[in-house]
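The values are calculated or read from the model by the stated rules, or taken from the named source; none is laboratory data. For clarity, every value in this text was computed on a predicted model and none was experimentally measured. Counting neighbours? That spans all protein chains shown, and the Cβs are built from the backbone with ideal geometry, glycine included. SASA here: full protein model, heavy atoms, side chains in, ligands and nucleic acids out. Shrake-Rupley method; radii C 1.70, N 1.55, O 1.52, S 1.80 Å.
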Amino acid sequence: MTESITGAQYEIAAGPYRAVVTEQGAGLRELTRRGLHLILPHGADEPVPAAMGRLLIPWPNRIDGGRYAYDGRIHQLDLSEPGNGCAIHGLVRSAPWTAVEHGPSRVRLAHRLLGGAGYPYRLDLAADYSLDAETGLTVRLSAVNAGSRTAPYGHGAHPYLTVGEPLDACTVTVTADRYQPVDDRMIPEGPPLDVAGTPYDLRDGRRLDGHAIDNAFTGLRRDGDGRAWVRLSGGGRTTSLWADGAHPWLEVYTADQVPDDRRRHGLGAEPMTCPPNAFATGTDVIHLEPGAQAAGSWGIMAG
């Protein structure tokens, strides 16, 4: 008997929506509405390309040199992005997660993150995926510090929104007033800047048409429910991602470095609790005390 390299596949559905979540990394492998993809999918037996659908815990994005100081100690993480000399996207992307609940429209997976040399902390993690026939997908991520010392913590997620068209034929809207400049290694360079008058002003929608973006955005404008939005439109369709107030940052990535068959065919829209290199700078890092919980929600829908 064989199984896919991403492990068990947990299917959920509600009305016209269907999703598949994997045992490996509790990743979102597929999300469709009426058979049309809302995110770039990948195969169950395919190494996950470009972190598609991955959860980024206990930090999103990069840590410069994999090195950071916390509570008087210096920590060195493995350089999981050797080309840029960085530790990237946390520690649980490829780890097995355990399904603790699985119903027709909901699956909840858990993971025990044990401490290591670069991150000597102990977390109990949970990822709760649910579908609603009207509002689509909601994902709730939570972490409980099960260890004996305060832990630095952040989380994010890495879906690539799609409307079935190349990005160059699409318009992106991001309700953000500031963007984070980065250097050639994608490490933040200076403070966030006002988007006004720059190519990063996406507030009223911008046609991508060759425009490359790989930046974090903040100063997020929120609706009456406290949600910030990224919307991708094209070909008569719109796919939208929202993030709650636990996520003051959104990374937007036009998929310029992903494998050829998917390059610039999906928009990385990544809700984050902290910006790139946060463990090194301390910006918006959550100081998770023993027994305390951090949590946040985001979701994707058509329209």
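Odds and ends about this structure:
- Screening residue 13 on (1) over 25 Å from residue 235 (Cβ atoms); (2) surrounded by fewer than 15 Cβ atoms within 10 Å (Cβ to Cβ); (3) touching a residue at least 40 places away in the same chain (Cβ under 8 Å) shows it passes everything except condition (1).
- Restricting the first member to the stretch 217-233 and to residues that are on the phi < 0 side of the Ramachandran plot, and the second to residues that are open to solvent by 60 Å² or more (accessible area, probe 1.4 Å) and in a strand (DSSP E or B), the beta-carbon pairs closer than 8 Å and six or more apart or on different chains are 217/178; 218/178.
- Subset of the stretch 138-173 (residues that are surrounded by 22 or more Cβ atoms within 10 Å (Cβ to Cβ) and closer than 17 Å to residue 218 by Cβ): 154, 155, 156, 157, 172
- Test for residue 79: is it more than 17 Å from residue 107 (Cα to Cα), out of contact with any Ser or Thr (no Cβ under 8 Å at 6 or more places or on another chain) and either open to solvent by 10 Å² or more (accessible area, probe 1.4 Å) or part of a helix (DSSP H, G or I) (or both): yes
- Scanning the stretch 41-63 for any residue that is in contact with a helix residue (DSSP H, G or I) (Cβ under 8 Å, 6 or more places away or on another chain) and assigned to a strand (DSSP E or B) turns up at least one such residue.
- Looking across the stretch 199-225, the residues that are open to solvent by less than 40 Å² (accessible area, probe 1.4 Å) and out of contact with any Phe, Trp or Tyr (no Cβ under 6 Å at 6 or more places or on another chain) come down to 202, 205, 208, 211, 213, 219, 220.
- Count of the stretch 115-130 residues which are assigned to a strand (DSSP E or B) and more than 18 Å from residue 21 (Cβ to Cβ): 2
- Within the option set 140, 149, being closer than 21 Å to residue 58 by Cβ, assigned to a loop (DSSP other than H, G, I, E, B) and touching a residue at least 60 places away in the same chain (Cβ under 8 Å) holds for one residue only, 149.
- Screening the stretch 264-302 for residues that are in a strand (DSSP E or B) and in contact with an Asp or Glu (Cβ under 7 Å, 6 or more places away or on another chain) and picking the one that is surrounded by the most Cβ atoms within 10 Å (Cβ to Cβ) gives 272.
- Residues in the stretch 174-196 that are among the basic types (Lys, Arg) and either open to solvent by less than 30 Å² (accessible area, probe 1.4 Å) or part of a strand (DSSP E or B) (or both): 178 only.
- Selection count, the stretch 96-114, where residues are in a loop (DSSP other than H, G, I, E, B) and open to solvent by less than 20 Å² (accessible area, probe 1.4 Å): 1
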